[in-house]
Amino acid sequence: MARVNPSAPLAIVVLGAGALETARRIQAHFAQSRVHALASRVNGEVPYDDFGAHVRGLYASGTPIVALCSAGIVIRALASCLADKGGEPPVLAVAQDGSAVVPLLGGMSGVNVLAREIGAALKVAPAITTSGELRFGQCLLAPPEGYALADIEQGKRFVSGLLAGETTRIEGHAPWLDDATLPRSDDARLAVRITPLATHDEDSLVIHPRCVLAWIGHDASNDDIAERVRAAMRERGLSPLALAALTVPARFMTSRSLEEAAHALDVPLRFCEAAPFDADDAHAIALHVSDAPVDAQSIGRARGMLTVIGLGPGSAELMTPAARAALSAAQDVLGYETYVRMAGPFRDDQRVHMTDNREELQRARHAFELASEGRRVVVVSSGDPGVFAMASAVLEALDAGHAAHPEWSAVKLAIVPGVSASLATAARAGAPLGHDFCVLSLSDNLKPWSVIEKRIAHAGEADFVMAFYNPLSKARPWQFDRAIEIVKQYRDWQTPVVLGRDIGRPKEALRIVTLGELKSELVDMRTMVIVGSSTTRVVGDWVYTPRWYE
Ligand code: SAH
């Protein structure tokens, strides 16, 4: 069953300006939510072009959807992807004027809870249609955090029984059911059973408290650890759903097999200096059963994660879902102020560390320090993080610092690519990078100007299309004109040049000029410059470099 991402930001989807006011009222109650708006009709944080494709994409990524349109439109759009009932995110239709809130999908992932919250925000009663929930005041099949439903099909039969007039007992401790209006009786045939034990009982709604900890005291890199944990639990009659966490010695921080085991068991992996309970060393796997659910976050610590992401050139639609997911999971976000603002808004529980653009190495070291404490850290770059950006700075910091800080090597490091400015600019202009090309930074902050001149000359001679990053700044006033002089020694003055400024941002501007017209007055630090090769051509408003060569 696919897991719904509980920290995924709410997508409030609107089709026209008429829905915007209601959308903003809902948004005000959900800190991390974004308004997704049909680009041709209305402005929102996330523009989209095709309603059906957009909501299907959101649905597939587990994002909760609040669509401000008729229920029918949403149902038709999602019809083709409704097979897996367990894995679906909450989906609601809300009337444009805010007069009706209709939960449609996601009963197992809290759609009715969300419907009530939105209803409260809009001051209307939500149209709850789930009969069990209406009758009992809550969804018996969606137990709270720390508990897991044993079997959804059995659960549905149980609820049908209650709806048909049966009564139930409660065995075990289920504090959240205190407020439910269940038809209780002590001698009922049916029972809600709260137990870590695996039971197959047709007359029970079995809910497992996540109250079991497993301690693996050895590095079992060659074993199937997940299977051995399941077997150890089976031996004691415990359901694998009752497992709260895998706990292991901190020295196994980088073990792939333990990480895979925790993933297979769908529980957190926590690192401790010693077993969090009295473990018998004779067993490779020790189990401990508590009376109540165990909060895994309170035991030992997680392996720290440092993810370097690229936001793309600016607009939300050019940010990859992987980058968005990393931001959503982040506890700490570091970066240059402009980019961190671009990556927001953030939840109250997320820490944001903004710094000056030039403090890159210091920022990278800070990121490692935070991640070494077990935190989930994201470092943001614009475009792609590996193109003149933070991914190299992070690896430089690791290279220089890992001997003095061995804990940095245990951090789980990941680089998430993004749409680089040259690619975004090229796409707006056509296909100027359609044949061999090179990218060059014209900044001589970190390399001597003589190297830059030499590379431009070689690229010119080799007939590469050239994409220039960092073309000009106040501190480097003459360099751009000098670079162009060199290019002109190898290219015709009619060669097409693409100038993309603030691509993907509100003030986006695209210009096509010839090499002869190119001068430093036309560019600044927010401009991407693409100089064609000898074969680059113009057709209508488009610039392209053909795939063939003479
Ligand atoms: N990592 C970034 C590049 C950082 S260097 C990327 O992959 O895009 C910064 C330079 O990138 C700027 O000086 C400018 O030349 C270019 N640039 C970045 N974002 C841009 C945008 N939205 N539009 C045009 N150029 C941009």
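The values are calculated or read from the model by the stated rules, or taken from the named source; none is laboratory data. The shown structure was predicted, so the numbers you read here are calculated from the model rather than taken from an experiment. FYI the Cβ positions are ideal-geometry reconstructions off the backbone, even for glycines, and counts take in every protein chain you see. Calculation scope for accessible area: heavy atoms of the full protein, side chains included, ligands and nucleic acids excluded. Shrake-Rupley method; radii C 1.70, N 1.55, O 1.52, S 1.80 Å.
The table for this structure:
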| quantity | calculated |
| --- | --- |
| The stretch 380-409, residues that are more than 12 Å from the ligand (Cβ to nearest atom), open to solvent by less than 20 Å² (accessible area, probe 1.4 Å) and touching a strand residue (DSSP E or B) at 6+ places or on another chain (Cβ under 8 Å) | Val394 |
| Residues satisfying the stated conditions in the stretch 452-470, i.e. away from the ligand (no atom under 16 Å from the Cβ), aliphatic (A, V, I, L, M) and under 23 Å from Ala424 (Cβ atoms) | Ala459 |
| Residue match in the stretch 291-309 (condition: open to solvent by 40 Å² or more (accessible area, probe 1.4 Å), outside the structural domain of His173 (by TED's automatic domain parsing) and within 16 Å of the ligand (Cβ to nearest atom)) | no |
| Of the criteria (1) among the aliphatic types (A, V, I, L, M); (2) open to solvent by 40 Å² or more (accessible area, probe 1.4 Å); (3) touching a Lys or Arg at 6+ places or on another chain (Cβ under 9 Å), which one Val35 fails | (2) |
| Residue list for the stretch 450-480, filter: modelled with pLDDT under 95 and in a helix (DSSP H, G or I) | Gln479 |
| Wholly enclosed strands (runs of 3 or more DSSP E) of the stretch 167-234 bearing at least 3 residues open to solvent by less than 60 Å² (accessible area, probe 1.4 Å) | 190-194, 204-209, 212-216 |
| Scope the stretch 303-356; condition acidic (Asp, Glu), under 15 Å from the mean Cα position of the chain (by Cα) and part of a helix (DSSP H, G or I); matching residues | Glu317 |
| Residue in the stretch 66-85 that is within 19 Å of Ala11 (Cβ to Cβ) and in contact with a Pro (Cβ under 9 Å, 6 or more places away or on another chain) present | yes |
| Selected residue (criterion: most open to solvent (accessible area, probe 1.4 Å)) from residues of the stretch 249-276 that are part of a loop (DSSP other than H, G, I, E, B) and over 21 Å from Tyr147 (Cβ atoms) | Glu273 |
| Single residue of the stretch 151-166 satisfying the filter (under 13 Å from Asp203 (Cα atoms) and open to solvent by 40 Å² or more (accessible area, probe 1.4 Å)) that is farthest from the chain's Cα centre (by Cα) | Glu166 |
